[in-house]
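Computed from the coordinates by the stated procedures, all read-outs in this text should not be read as laboratory data. Values in this document were obtained by computation on a predicted structure and should not be read as measured data. Methodologically, a virtual Cβ is constructed for each residue, glycine included, from the backbone with ideal geometry; neighbour enumeration extends over all protein chains shown.
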Amino acid sequence: MDLRCADFTALISTENANPDSIKAQIENILDYYAKLMTNWRYYTYVKGTDVSNTTLANLHVQSYDLFNYSKAKGLNTIGAALYTKYQPQVWNALGEELQNSFLHTIAQTPTQLALQTQESELIAQYNAASVQETEVEIAGQTVSFSNLDSLGLNNETRVEASLALWQEKNRILGTIYLDLVKVRRQIAEASSVEYSNYSEYAYKENQGRTYSPEDLKDVHHYAQQYITPFSEELEALVTHQSEFEDALIAKSPEGMVKKLAGVMDKTRELNLSEFKPAFDYMIQYGLYDIAGGSTREHIGYCTKFANNNAPLIFLNFDDSPDYRGLFHEFGHYLDAYGRTRENALYGISNFDLLEVPSMSFESLALRSELSTNTDVELNSKIEAVKAAQDIVSYVLYQALFDAFEQEVYTQTELSLENLNTTYKQLYGLFYGTEAANRFVGLQYRWIEMSHIFRSPQYTISYTMSTLPALNIWFESKDDFASARQTYRTLVDNIQQGDYAAAMDSAGMLTPLDEQLYIELAGKIDDMLENSPYRRTITATAGIGGSIIPNGTIRAQQGQSVKFKFKPDEGNTIASIVIDGDSTTIKDSLNLHTEYDRNIAVTFRQVQTGIRNSTTNEMQLYPNPAVDRVTLKTANGEAKHYTLYNSFGQVLVRRPILSEETKIDVSGYPAGIYFVEVEDQKIKLIVSDR
């Protein structure tokens, strides 16, 4: 690359450089850059086949260094030529496909290149550490995630072991992440453009976004306002995915590919045969690697070897046997298929748009597959779970991590404790405080999100792409042809790199528009109301208090609904009856919804005044008393009475043998006492003799 750039610089330093020679030498630079990009992506793929292989990891780092160096060298050289008298010839030589993207590219400084090498080395450390077995010593045994269920630990010890494992894994991976954050901040500071923090740098330079991190806080807010209220029901739906093993889970990598081939079958009513040439090309040249293995990278992606104009799909089958994973990656494949080498060179991709074709194609392909299934109820269940999973996993979860990263990169002082606390607090905002407190060790589990290690500030792209994809999913049920046309329109326009324009071309609102969430909330509400998993709980309260929530409560099968009981002043809980059976009296309880449920609570007054009681339940007279007092209980049903002094100390506890019981108080000094029968207390005053 040094030699090619030197030759080009020498050429444009001459008095009468030939335009054809200028074009040829620029092509020479671009050609070599494409080869180095292909080389880097090749080793990115190869090291993923065995992340325990340090040789492959080192080759990946080296190829990444060469790629970055060649990019910076080529940019600087061609960019400098644009300030010479040969500017028109250089500009024309770039070609139309590169001109616009070239304008948005920032030439990286030597400092940034050195820092990116450090970043790459830290990512290699993460890749190796993330697949290593985590072990802790508990109760004299070596415990790991893989043997946690087979050691026969009691529940308490198992919880302790699980928490310790997450703490240890958090310590190992979290330490690497702190180093990555430090290096990435330095990368932003070394930029030729001033940025206030790394998030701003990543949004613009890595993701090609036209909006700022601050703008995305609206998306966080809208998600919390309109979608979080549904999160408990949506989470309950997602738990049902295991029921569809026969319908969704491929038995082998070959079976997964067969499913993809099926949705392009021309004999299907809902076929996607227009994309069959791309599928055939993938099969012909083996441009997919779907296999399992503990040392394979835990990820799925589609990359492109720029020098060969060839996309490649990588999937860890052990992690993603659900064939929708292949549908998703094939959407990326379609976006890359047929595009020329120049699309990959120098330009900045809009990451939000990169996920639109994958999420949208996945929706269409699944709809096509379900159309062949004659089990209407099963299809309805899959439809509900698929939409719920997308909303929970991509809209809420990915927005959560964008908010997490924004917090991380704007804080000046960071520790592992800060990271853990920040994650749990944000989780509570997106999923509810009760959900955040439900999981033991939740604060340690942010390390499960690999993107924040490998592709910082990327996760929001899933949110930005899932929202239009959900529109296509809902549309495809009523009008598949219309949904397919919407998909085509999006794919045709996303290559222009303008997210807002692409959404507008398909008649869609962007996720920065509150109206989108209002409409989506309506669709979610309808989906949950008509879900085959719909359950109801009827909650009622008697006079003297309330139950929260009350009335008819909607829920999804498997959801846990928390009820609180609030007696009015002067009352206490008398009974709690669930599905006709009495249960232990308590201030609150969680009710599971495997089927429709009924819960009723009753209350009764607490007698605390000075009185000769006239209630049917209990009477105490005379009151005040001097020597003896008579306790009268209804029907003689009470078993015991207890006499307390004003300090709450028990003085007497006696059985009740008849409706009227004489209590001797002659031996007690004058003062205030209490007589308790079951849950009812009456204040008793003993007077001076």
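As a rough guide to protection, the peptides 380-392, 286-298 ranked by mean Cβ packing within 10 Å, highest first, stand as 380-392, 286-298. A convex hull fitted to the Cα coordinates of the stretch 534-605 yields 68 cubic angstrom per residue. Protection proxy ranking of 5-16, 306-317, 181-192, by the mean of other Cβ atoms within 10 Å over each peptide's residues and highest first, is 306-317, 181-192, 5-16. The residue among T572, T552, S588 whose Cα reaches farthest toward the positive pole of the charge dipole of the stretch 534-605, with charges on the beta-carbon of Lys, Arg, Asp and Glu, is T552. Between the amide H of M264 and those of L272, distances stay under 5 Å, these residues lying 5 or more places away or on another chain, with hydrogens modeled in the peptide plane. The alpha carbon centroids of the stretch 350-381 and the stretch 528-567 are separated by 33 Å.
For the chain, the residue among Y427, N316, M264 whose Cα projects farthest onto the positive side of the dipole built from Cβ charges is Y427. Over the stretch 189-236, all Cα pairs binned in 5 Å intervals from 0 give whole-percent P(r) values of 5, 18, 20, 16, 11, 11, 10, 5, 3, 1, listed from short to long. Temperature 4 °C, viscosity 1.567 mPa s: under these conditions the Stokes-Einstein estimate for the stretch 210-261, based on its Kirkwood radius over C-alpha pairs, is 89 µm² per second. Principal axis extents of the C-alpha atoms in the stretch 1-40 (largest first, rounded to whole Å): 38, 18, 7. Taking amide H as placed 1.01 Å from N in the peptide plane, the amide H of A574 sits under 5 Å from that of T602, F603, R604, each at least 5 places away or on another chain.
Set the bar at 25 Å for Cα to Cα. Now go through K586/K662; K73/K304; K586/K681 and name every pair that lies beyond it. As for pairs spanning more than 25 Å Cα to Cα, those are K586/K662.
Give me the Kirkwood hydrodynamic radius of the chain in Å, from all C-alpha pairs, to one decimal place? About 30.0 Å, per the Kirkwood formula over Cα pairs.
Calculated [222 nm] ellipticity per residue, helices only, for the chain: -15500 deg cm²/dmol; basis is -39500 (n - 2.57) per DSSP H run with n ≥ 4, divided by all residues, nearest 500.
Listed peptides 36-45, 583-592, 325-334 appear in the order 325-334, 36-45, 583-592 once ranked by packing, highest mean of other Cβ atoms within 10 Å at the front. Annotation for the stretch 452-477 versus the stretch 239-294: alpha-carbon center distance of 21 Å.
Remark: the stretch 618-686 is approximated by an ellipsoid whose semi-axes, taken from the C-alpha gyration tensor as √(5λ), come to 18, 13, 10 Å, largest first. Over what distance in Å are the Cα centres of the stretch 14-86 and the stretch 117-148 separated? Spelled out, the Cα-based centre of one part sits 35 Å from the other. The lysines within cross-link reach of K386, meaning a Cα-to-Cα straight distance under 18 Å and a gap of 8 or more places when in the same chain, are K259, K477, K523.
Partners of K424 within straight-line reach, counting lysines whose Cα lies under 21 Å from its Cα and excluding those fewer than 8 residues away in the same chain: K169, K217, K562.
Put simply, the amide H of G544, placed in the peptide plane, has no neighbours under 5 Å, leaving out anything fewer than 5 places away on its chain. For the stretch 307-434, the Cβ-based charge dipole about the Cα centre amounts to some 340 debye (Lys, Arg positive; Asp, Glu negative; other atoms uncharged). Here D246, D492 are placed in order of increasing Cβ neighbour count within 10 Å, fewest first, which gives D246, D492.
Assuming a ≥ b ≥ c are the square roots of the Cα gyration tensor eigenvalues, decide whether the stretch 398-535 counts as rounded (a/c under 1.5), prolate (otherwise, with a/b larger than b/c) or oblate. Cα axes put the stretch 398-535 in the oblate bin.
How would the stretch 139-202 be classified by its alpha-carbon gyration tensor: rounded, prolate or oblate, with rounded meaning a/c under 1.5 and the a/b versus b/c comparison settling the rest? Here the stretch 139-202 falls in the prolate category. Under unit Cβ charges (Lys, Arg +1; Asp, Glu -1), what dipole magnitude, rounded to 20 debye, does the chain have relative to its Cα centre? Using Cβ point charges on Lys, Arg, Asp and Glu, the chain gives about 1080 debye. Helix 351-370 and the longest principal axis of the Cα set of the chain meet at an angle near 70°.
Using a/c under 1.5 as the rounded threshold, could you call the stretch 96-236 rounded, prolate or oblate? The axes a ≥ b ≥ c are square roots of the C-alpha gyration tensor eigenvalues, and prolate needs a/b larger than b/c, oblate otherwise. Since a/c reaches 1.5 but b/c is at least a/b, the shape of the stretch 96-236 is classed as oblate. Taking other C-beta atoms within 10 angstrom as a stand-in for reagent exposure, R654, R209, R268 fall in the order R654, R268, R209, fewest first.
The residue among S146, F67, W91 whose Cα reaches farthest toward the positive pole of the charge dipole of the stretch 47-197, with charges on the beta-carbon of Lys, Arg, Asp and Glu, is W91.
Applying 0.36 nm per residue to the separation of D568 and S144 and subtracting their alpha-carbon distance, the gain on full extension is 147.6 nm. Evaluated on the stretch 512-572, the Kirkwood hydrodynamic radius is 14.1 Å, with distances taken between all distinct Cα atoms.
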